1. Could you tell me which residue of region 148-185 is farthest from Cys103 (Cα to Cα), considering only residues that are of a type in the set (Gly, Ala, Ser), open to solvent by less than 60 Å² (accessible area, probe 1.4 Å) and free of Cβ contacts under 8 Å to residues at least 60 places away in the same chain?
2. Find the residue count for region 71-86, including only residues that are open to solvent by 40 Å² or more (accessible area, probe 1.4 Å) and assigned to a loop (DSSP other than H, G, I, E, B).
3. Between a first residue in region 64-92 that is on the phi < 0 side of the Ramachandran plot and a second residue that is aromatic (Phe, Trp, Tyr) and open to solvent by 40 Å² or more (accessible area, probe 1.4 Å), which pairs have beta carbons less than 6 Å apart while being 6 or more apart in sequence or on different chains?
4. Consider only pairs whose beta carbons are under 7 Å apart and that are at least six residues apart or on different chains; among these, list those whose first residue lies in region 108-123 and is on the phi < 0 side of the Ramachandran plot and in contact (Cβ under 8 Å) with a residue 40 or more places away in the chain and whose second residue is of a type in the set (Lys, Arg) and open to solvent by 70 Å² or more (accessible area, probe 1.4 Å).
5. Has region 153-172 got at least one residue that is closer than 29 Å to Val30 by Cβ and assigned to a helix (DSSP H, G or I)?
6. From (1) assigned to a helix (DSSP H, G or I); (2) out of contact with any Cys (no Cβ under 7 Å at 6 or more places or on another chain); (3) open to solvent by less than 30 Å² (accessible area, probe 1.4 Å), pick out the condition that doesn't hold for Ser68.
Amino acid sequence: MNKTDTRRALLIVFALGALPYLAALGAGFVFDDAEAVVANPLVTGEVGLAQLMERDFWGRSADATIGSYRPLAVLTFIIDSALGGGAPWLFHTTNILLHSLCCVMLFVYLADRFGHRLAIVSTGLFCVHAVHTENIAAIVARADVLATLFLLLTLHLARAQTWHRWLVGPCFLLALLSKEVAVAG
């Protein structure tokens, strides 16, 4: 595949990752979003950003935590809330964009390992598969999407034969700070 075809494939993959989920832009907060986003004192600004590393995913202090530590995901909630005034559409937009970036990273990783044909078919199925619906519609599931994105980037960089390999550790750390399940990656 030449560079133009590769760029075209990346744009198609990005669009395929976003298009099935555009209806979520009109949705509100669902499921655990009420506790993890709407009522989270870190997101609402009731406690300062300095406590980001001291509180759990739900905004609870260390003595009241249930053990879910996802500061990078919470940081993205804080940014979305600040930029969009707490409006759910921006949170959903971020989830859609992050899912599309996961699709792009999956394509890049698979194309590098197995060639463009298998990568485009496999990634196309990944993009539109209904299993991702909860990860896009529920803001709290952003932690999964972020962890996946950084794990895919970690895998891709680990295969690199360039100076980029030094980024493997930091990318894996970002996956871990997104969701603790990344340790299984």
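The values are calculated or read from the model by the stated rules, or taken from the named source; none is laboratory data. Since we're looking at a predicted model, the values are computed, not measured. All Cβ positions, glycine included, derive from the backbone under ideal geometry; neighbour counts span all protein chains shown. To get the accessible areas, we keep the full protein, side chains included, count just its heavy atoms, and leave off ligands, DNA and RNA. Shrake-Rupley method; radii C 1.70, N 1.55, O 1.52, S 1.80 Å.
1. Gly169
2. Summing the residues that are open to solvent by 40 Å² or more (accessible area, probe 1.4 Å) and assigned to a loop (DSSP other than H, G, I, E, B) in region 71-86 gives 1.
3. Note: pairs meeting the criteria are Pro88/Phe29.
4. If the second residue must be of a type in the set (Lys, Arg) and open to solvent by 70 Å² or more (accessible area, probe 1.4 Å), the pairs left are Asp112/Arg159.
5. yes
6. Among (1) assigned to a helix (DSSP H, G or I); (2) out of contact with any Cys (no Cβ under 7 Å at 6 or more places or on another chain); (3) open to solvent by less than 30 Å² (accessible area, probe 1.4 Å), Ser68 violates only (1).
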